[in-house]
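The values are calculated or read from the model by the stated rules, or taken from the named source; none is laboratory data. Computed from a prediction, not measured in an experiment: that's the story for all the values here. Heads up, the Cβs are rebuilt from the backbone with ideal geometry, glycines too, and the neighbour counts pull from every protein chain shown. Only protein heavy atoms, including side chains, enter the accessible area calculation; ligands, DNA and RNA are left aside. Shrake-Rupley method; radii C 1.70, N 1.55, O 1.52, S 1.80 Å.
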Amino acid sequence: MRVEWSRRWAISLLILVGLAIFVVRGAASGAGEGSVIGFTHADYSFSASRTIPADGWQRGPVPDFTLLRRAAPGAAEPVAWVRFRFDRRAAGPLPIALYVEMVRDNLTVMVNGVELYRTRAEKDDPTLAWNHPLFVPLPEAMLRPGANELAFRIETTTPQLLGIGNVRVGADRPIRSMYNNETFLSTIAPQIVSGYLLIVTIGAMTFWVRRPADRSYGWLFALGLVWLFRNLHYFVQDPPFEPAAFWIMTTDSLFVLLAVAFGFAACVFDLPQARRIQLQLGGFALAAIAFRHVLVALHASELPSFALAFPVSAAMILLMLRACRRDPSAAKWTMFAAIALAIAFAFHDMVFTFNLTGGASFYLLPYGGLLIFAAFDATLTHRLQNALIDVEDVNLTLAARVAEARASLVESEAARAELQIAHAVDLERERIMRDIHDGIGSSLLTALVNARHRDESPETIATLSRSLADLRIGVDSLEPTGGDVVALLANLRHRMERELKGAGMAFVWKVEAAPVLPWLDPIGALHILRILQEAIGNALNHSDAAQIEVRCAARDHDGAAGVCIEIIDRGKGFDPAGVSRGKGLSNMAARAEALNGAFRCDSAPGAGTVSAIWLPIAQARVGR
């Protein structure tokens, strides 16, 4: 079971590995298709002029996202000019293009003093492009054979960040490849991740509404909402409201996200005084937001406000680590690893934003939600799988209690009292059936729907589907049939016919009226259903048959009256003498023996297979 549970967690890691492969392959695809000129330094000028400044230029490195500190202090709309020079001949004979790794709010591109492109058609255009790369073909008519000048006028309408990313000039194809890779990682992939978060968030809300006492679902729901809002500014170009307010709210949401993520961790890890920790995290978020606004008002760097997250994160990591050591389960260690990686992604983005050190050329925080939600999803699936394993134990325990009650009734009470107890037993059975169906069954179905919506692997979906079918068959065994084996077969047909049709197999029904089996109780019903389920599963997996035929009729065996049920396929069959008796056939024979019945399996190469179980009408009660 741990292998199955770990497989779910591995899916998220494979997604991240796939992203890395995408980047490497994209970079390789551009190699050898033309020259690319990269710039490590540029000339900077901080003039509000609409034309290229004649003087005041200073040399500096590229990329640089700290230009706000060097722009005119107190300016309502700080402006920076960035200038590059390149030789057209160094880019090769092919048509060339411009690539800018990351563009801020308002950017104008000028080639040899002539405007070529601007991110906003008008000054008041609300479009945001801060996290989008830029690809612009450079017309040959605007270029000179030798030295050329690129100038960027960068203006921010929300005085939070001001800077420029890596700049490349070169042949169209490799430049376009860089642009496509960056667009996928900075916008498309976060949109995919956000879609997954939306699905899981809705699932968490559903669980929370049904089980409000389990606060982990409520915290997961809150975390999903905050994370989805936080992710909006990574790929939304047209804000739903005023751009400056949208930018402020999404920036402040980082502190809220950190507080909610750690509040969720306090609940999941069952930390001592979790309520107090969650209140303190809320206070931290409010204080950090207020501190950031003070720094912005003073035109100072916002870095100190974000640095407050370091001690808070360190303290929470220590508390989670202590909880993992106290309860070293795979689920908690996995969640710890997911939260720790998400925190690492957040700090990577912080040092990347403030140009403190190098790193990935795109923001990683959107992928942190994928890790945390996938870890919780894997944990939930693990719980459901364990619950499914317990269903049969519950069924057997219930049957044992019923048997004890009936035995005690025969010894101590009259027929009327026995009928009253039997009625009470039926009510208890129905209640448990409802609990299993509405509880475990609903949770398992929700997990299956979520898996289908986020395009999980066919193996995962098949496992959940089989688990749901097993649960339903187990519940069917609890249904009172009054010894009617035909009714029991009808329930099996209802459960299996859709799966057979999905596998391209016809279900031929040749069931005749059969005598009532007075001894048929839930344990016996479960044994019969498991034998037939195994026979149908063998036909599905091994026979290559076009149809499965089910027969049921009264038949004597060794002079005793009974009922015979047969599962027949017209598939390829097998040689019983050349195949060792598998565990499945042994289990089927053992179940038939527990019912004082008989099991046989007849087959020959090319002649199909017949699996049959004979059940006596009257039998002595035996332990099962």
Practice item. Return yes or no: is residue 340 loosely packed, with under 14 Cβ neighbours inside 10 Å, at pLDDT 90 or above, part of a helix (DSSP H, G or I) and among the hydrophobic types (A, V, I, L, M, F, W, C)? Key: no
Review point. Can you spot a residue in the stretch 216-233 that is touching a Lys or Arg at 6+ places or on another chain (Cβ under 6 Å) and closer than 23 Å to residue 338 by Cα?
Key: no
Point to revise | the stretch 471-496, residues that are modelled with pLDDT of 75 or more and charged (D, E, K, R) | key: 484, 493
Point to revise | Hey, residue 290 of a type outside the set (Phe, Trp, Tyr), without any contact (Cβ under 8 Å) to a residue 40 or more places away in the chain, part of a helix (DSSP H, G or I) and open to solvent by 20 Å² or more (accessible area, probe 1.4 Å) or not | key: yes
Exercise for review: Give the residue, chosen from 206, 156, that is modelled with pLDDT under 85 and either open to solvent by 40 Å² or more (accessible area, probe 1.4 Å) or of a type in the set (Ser, Thr, Tyr) (or both).
Suggested key: 156
Point to revise | Options 312, 294, 268: the member that is among the hydrophobic types (A, V, I, L, M, F, W, C) and under 24 Å from the mean Cα position of the chain (by Cα) | key: 268
Check your understanding: Which ones in the stretch 528-550 are open to solvent by 70 Å² or more (accessible area, probe 1.4 Å) and among the aliphatic types (A, V, I, L, M)?
Key -> 546
Exercise for review: Evaluate the stretch 319-333: report whether one residue or more is assigned to a loop (DSSP other than H, G, I, E, B) and open to solvent by less than 30 Å² (accessible area, probe 1.4 Å).
Suggested key: no
Exercise for review: For the stretch 268-287, name all the residues that are surrounded by fewer than 20 Cβ atoms within 10 Å (Cβ to Cβ), in a helix (DSSP H, G or I) and in contact (Cβ under 8 Å) with a residue 40 or more places away in the chain.
Suggested key: 277
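Quick grid of which residues meet (1) surrounded by fewer than 19 Cβ atoms within 10 Å (Cβ to Cβ); (2) in a strand (DSSP E or B):
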| position | (1), (2) |
| --- | --- |
| 37 | yes, yes |
| 43 | yes, yes |
| 49 | yes, no |
| 55 | yes, no |
| 80 | no, yes |
Review point. From the list 553, 525, 513, 560, which one is open to solvent by 50 Å² or more (accessible area, probe 1.4 Å) and not basic (Lys, Arg)?
Key: 513
Practice item. Take the stretch 242-267 and flag every residue that is under 21 Å from residue 376 (Cβ atoms), open to solvent by 30 Å² or more (accessible area, probe 1.4 Å) and among the β-branched types (Val, Ile, Thr). Key: 256
Exercise for review: Run down 290, 300, 222 and say which single residue is small (Gly, Ala, Ser) and more than 22 Å from residue 350 (Cα to Cα).
Suggested key: 222
**Study point:** Yes/no for residue 229 being open to solvent by 40 Å² or more (accessible area, probe 1.4 Å) and farther than 30 Å from residue 41 by Cα
**Key:** yes
Check your understanding: Could you say which residue among 174, 239 is open to solvent by less than 40 Å² (accessible area, probe 1.4 Å), assigned to a loop (DSSP other than H, G, I, E, B) and in contact (Cβ under 8 Å) with a residue 12 or more places away in the chain?
Key -> 239
